[in-house]
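A quick write-up on the structure given underneath.
Each reported figure results from applying straightforward, stated rules to the coordinates on display, with no laboratory input. Nothing here was measured: the structure is a model prediction, and the numbers come from that model. A quick note on method: Cβ atoms are made from the backbone with ideal geometry, for glycine too, and the neighbour counts reach across all protein chains shown.
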Amino acid sequence: MHEPDAADARATERTGLVSRIVSWLRAGYPAGLPEQDFVPLLALLRRRLSDEEVQQVSARLASEGGLPASRLDVASAIAGVTSEMPSDADVERVRAYLEAHGWPEGFRI
């Protein structure tokens, strides 16, 4: 029988983090994420999450109808974030929106 170790605990914690972020985003954008906010949001998330976690968040939002993008578009946008960053103004606009709509203070982006 496998006993949980530190790596298992971290993986469980990160999975919970992805779920919490998806919940926050659904609450903050009840009508779905506007297309112009998607890439700045990915840039903000990449400051705290791994590429895999950003992809998990994006894929869950896309599959639940919270993104105006297909899964293929999500993967393409993630790749685009690594090579072309959104403007500081776009990132700040999305950050301000998230903070005004319940983004937790303890999870700085």
Seminar exercise, completed: Mean Cβ-within-10 Å packing, highest first, puts peptides 97-108, 36-47 in the order 36-47, 97-108
Exercise. Quick one: Karplus J couplings for region 85-91, per residue in order, coefficients 6.51, -1.76, 1.60, θ = phi - 60°, nearest Hz, x for Gly and Pro?
Worked result: 7, x, 5, 4, 5, 5, 4
